[in-house]
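Asker: Let me begin by handing over the structure; questions about it come next.
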Amino acid sequence: MSKPDYDVVIVGAGHNGLVCACYLAEAGLKVKVVERRGVVGGAAVTEEFHPGFRNSVASYTVSLLNPRVIYDLDLYDNGLKIVQRPIANFWPIDNKRYLKLPFGLEEAQESFSRISTHDAANLEDFYAALEVAADALRGLVLESPPNVGGGLLDLWRALRLGGRLNRLKREDQRLLLDLFTLSAEEFLGRWFESPEVIGAFSFDGIVGFYGSPYTPGTAYVLLHHAFGEINGNKGMWGHAIGGMGAITEAMRRVAEARGVSISVGAPVEAVLTEDGKTCGVKLESGRAIRARSVAANVNPKLLFQKLIDAPGALPPDFRRRMDNWKCGSGTFRMNVALSELPDFTCLPGKEAAEHHKAGIIIGPTVDYLDQAYQDARVYGWSRAPVVEILIPSTLDETLAPEGKHVASLFCQQFAPELPDGRSWDDARDEAAELVIDTVTHFAPNFRDAIIAQQIMSPLDLEREFGLIGGDIFHGALTLNQMFSARPMLGYADYRTPIKGLYLCGSGAHPGGGVTGAPGHNAAKTIIRDLK
């Protein structure tokens, strides 16, 4: 075996790959990052999609980026600036009614009382319960889960976790069990009665999840989106000035300052193995990069089905389970350039107001969200899709010409694979027209305000960003694919059956979102193994 060129080569310069590289380099390891696309960032990138109009292309909002990662990588001193939305969300319900979710409790109660005084009164208890659960989750995000079949360290982790849970009040233990097993609708129904309010909160239970708010497990997806914070303020959502690419550009600067070598336009053909151990990667160009270890910031299904040069090195049961790794988040993404802001019938006005700076969610009731999923199962996509609209140019003047705007449209439910063998290449434009019609129903000027658009179906997201089935989480956040079972029991410690090969992306604990946590945790494991 020839001498390695690097201690670690990382496949994929998405945010987790860059985070992992930064920690490894800080520990004194020699690190190489190779990226298929022509820029770093993976799905967290900002690109010009029409002359003068730039936007976050795939991932589109920030909250979950871990404060420890921000601090350790000194991201704020490397150009990152995050601003908070003035309110969290805005839901048009019909031509006259709407719901706003301000960040303050009293303001939120006042808003919710427009729909239901009962639900407004219960909001404080719901917030308190969600915060208890979110705090418990925050305590686990930057730790490797107890690995089933592991050694003394994993036994210690399991005992420590058991001790933490045992110290919780009994009602809080029951709360956590509910969140891991119930549907979003059933969980929310314990506080709220209005289908509009339940639908509003249920949205976070289906974001990135191809399922109904009545699907068991969606309560946890709701919780997964609640453990973030902005600038020290828990539960907040915001915008990175310059778009999501500003996050990964700051990470790139830190990585290179720490000595990391990064190559873009360098797609990996195979992870190389010798005698059951990884020894580097081979690029599609034919170049081999030798390394003591490889860390993969890609969907586990992509890694183990397509990138291992010797599939026989994987145990048969492991391969079977990876063949059945559940992917597909029902996501259809659009970016649009606008001549003016949408003028909502329920809250008229084209001047930038607080609702234009929020997450604008087309999903008026819980049954609307459910029907969207049912339609997608039958027809391939919803007849009335769920759409979240963000207009970051209301907070960030760097993204569009003066007086103009850019909007992100995060759309659900759209089947990862269409029925009857139809290709998304043939259906993309038809689905995009339906999305535009859906938004225009609530904001009649929207269609005419569109200057240009960028459309990405689930298939486009897979081709461009390696998001298998358009899955933004690198694997569904279901009970059998979470914590010690992510990606499967026995391999929750970021190691894989191939010695020296690690997972450092969202397919490992704690899962998807722009958190940096999998990259942080994987780096700790790799450092322990190599040093």
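The values are calculated or read from the model by the stated rules, or taken from the named source; none is laboratory data. The shown structure was predicted, so the numbers you read here are calculated from the model rather than taken from an experiment. Using ideal geometry, Cβ is built from the backbone for each residue, glycine included, and neighbour counts are taken over all protein chains shown. To get the accessible areas, we keep the full protein, side chains included, count just its heavy atoms, and leave off ligands, DNA and RNA. Shrake-Rupley method; radii C 1.70, N 1.55, O 1.52, S 1.80 Å.
Asker: Set the Förster distance to 56 Å, then compute FRET efficiency between Asp72 and Asn95 from the Cβ-Cβ distance, nearest 0.05.
Answerer: E(calc), rounded to 0.05, equals 0.70.
Asker: Still on this structure: For the stretch 87-204, state the semi-axes of the equivalent ellipsoid (square roots of 5 times the eigenvalues of the alpha-carbon gyration tensor), sorted largest first and rounded to whole angstrom.
Answerer: Three semi-axes, in Å: 36, 14, 13.
Asker: For the chain, count all C-alpha to C-alpha pairs, find those more than 30 Å apart, and express that count as a whole percent of the total.
Answerer: That tail contains 47 percent of the Cα-Cα pairs.
Asker: Separate question: Based on alpha-carbon atoms only, what is the radius of gyration of the stretch 174-238 relative to the globular estimate 2.2 N^0.38 Å? Intermediate values should be presented prior to the final figure.
Answerer: Numbers: Rg = 11.8 Å, N = 65, 2.2 N^0.38 = 10.7 Å.
Normalised Rg, Cα atoms only: 1.10.
Asker: Once the Cα atoms of helix 117-141 and of the chain are each reduced to a long axis, what angle between those two axes, in degrees from 0 to 90 to the nearest 10, is obtained?
Answerer: Approximately 10 degrees, to the nearest 10.
Asker: By how many nm would the segment from Asp429 to Glu351 lengthen if fully extended, with 0.36 nm per residue of separation less the alpha-carbon distance?
Answerer: So the chain would gain 25.1 nm between Asp429 and Glu351.
Asker: Further question: Could you work out the helix-only [θ] at 222 nm for the chain, with each DSSP H run of four or more residues adding -39,500 (n - 2.57) and the total divided by the number of residues, to the nearest 500 deg cm²/dmol? Present the calculation step by step, with values, prior to reporting the outcome.
Answerer: Numbers: 16 runs with 183 residues, N = 531.
Mean residue ellipticity, 222 nm, calculated: -10500 deg cm²/dmol.
Asker: Sticking with this structure for a sec: Sorted by average packing, counted as other Cβ atoms within 10 angstrom per residue and highest first, what order do 358-368, 514-524 take?
Answerer: 514-524, 358-368
Asker: Shifting gears a bit: Lysines within cross-link reach of Lys100: Cα-Cα under 28 Å, excluding same-chain residues under 8 positions apart?
Answerer: Correct list for Lys100: Lys81, Lys234, Lys350, Lys357, Lys404.
Asker: Hey, another quick one. Which order, highest average first, do 166-174, 107-115, 251-259 follow once you tally other Cβ atoms within 10 Å for each residue and take the mean per peptide?
Answerer: Peptide ranking by packing, descending: 251-259, 107-115, 166-174.
Asker: Once label points are set 7 Å from the Cα along Cα→Cβ at both Asp529 and Arg463, what is their separation, rounded to one decimal in nm?
Answerer: With each label placed 7 Å out from Cα toward Cβ, I get 3.4 nm.
Asker: Given a Förster distance of 22 Å, report the FRET efficiency between Glu402 and Asp448 from their Cβ-Cβ distance, rounded to the nearest 0.05.
Answerer: 0.65
Asker: What ranking do 313-326, 337-350 get when scored by the average of other Cβ atoms within 10 Å per residue, highest first?
Answerer: Ranked by mean Cβ neighbours within 10 Å, highest first: 337-350, 313-326.
Asker: With unit charges on the beta carbon (Lys/Arg positive, Asp/Glu negative), name the residue among Trp325, Ala400, Ile450 whose Cα is farthest towards the positive pole of the charge dipole of the chain.
Answerer: The Cα lying farthest towards the positive end belongs to Trp325.
Asker: Taking 0.36 nm per intervening residue step and subtracting the Cα-Cα distance, what contour gain separates Thr117 from Val132 on full extension?
Answerer: Stretched fully, the Thr117-Val132 segment lengthens by 3.0 nm.
Asker: I've got another one for you. Please compute the Cα-Cα pair-distance distribution of the stretch 28-129 with 10 Å bins starting at 0, giving whole percents from short to long.
Answerer: Going from the shortest bin to the longest, the percentages are 11, 26, 27, 22, 12, 3, 0.
Asker: Under 5 Å between amide H atoms, partner at least 5 residues away or on a different chain: which partners does Val45 have, H built in plane at 1.01 Å?
Answerer: When sequence neighbours closer than 5 places are left aside, the close amide H contacts are Val57, Ala58, Ser59, Gly245.
Asker: Can you tell me the mean projection area, over all orientations, of the convex hull of the stretch 366-523's alpha carbons? Units nm², please.
Answerer: One quarter of the hull surface, i.e. the mean projection, equals 12.4 nm².
Asker: Summarise the long-distance tail of P(r) for the stretch 373-414 by giving the % of C-alpha pairs beyond 14 Å.
Answerer: Across the stretch 373-414, Cα pairs with separations above 14 Å total 55 percent.
Asker: What is the Cα centroid distance between the stretch 193-221 and the stretch 263-318, reported in whole angstrom?
Answerer: 37
Asker: Okay, moving on. Per q in 0.23 1/Å, what log10 I(q)/I(0) does a Debye calculation on the alpha-carbon atoms of the stretch 395-484 return?
Answerer: Per q value, in the given order, log10 I(q)/I(0) is -1.20.
Asker: Mind jotting down the three principal axis lengths of the stretch 158-306 based on Cα atoms? Whole angstrom, largest first.
Answerer: 60, 42, 32
Asker: With a Förster radius of 22 Å, plug the Cβ-Cβ distance of Arg320 and Glu274 into 1/(1 + (r/R0)^6) and report the FRET value to the nearest 0.05.
Answerer: 0.35
Asker: In a Debye calculation with equal point scatterers on the alpha-carbon sites of the stretch 74-146 and no solvent, what is log10 I(q)/I(0) at q = 0.28 Å⁻¹?
Answerer: -1.20
Asker: Taking N as the number of residues in the stretch 249-293, what value does Rg over Cα atoms divided by 2.2 N^0.38 Å take?
Answerer: After normalising by residue count via 2.2 N^0.38 Å, the value is 1.37.
Asker: Give me the accessible area of Ser2, 1.4 Å probe, in Å² rounded to the nearest 10.
Answerer: Result for Ser2: roughly 70 Å² accessible.
Asker: Just to be sure I follow: if Rg is taken over the C-alpha atoms of the stretch 296-418 and Rh is the Kirkwood radius over the same atoms, what is Rg/Rh?
Answerer: Reported Rg/Rh (Cα atoms, Kirkwood Rh): 1.15.
Asker: Which number comes out as Rg/Rh for the stretch 291-365 once both Rg and the Kirkwood Rh are worked out on C-alpha atoms?
Answerer: Here the Rg-to-Rh quotient is 1.30.
Asker: Tell me, which cysteines of the chain are without a disulfide-compatible partner by the Cβ under 4.7 Å rule?
Answerer: When partners are defined as cysteine Cβ atoms under 4.7 Å apart, the chain leaves Cys22, Cys279, Cys327, Cys346, Cys411 without one.
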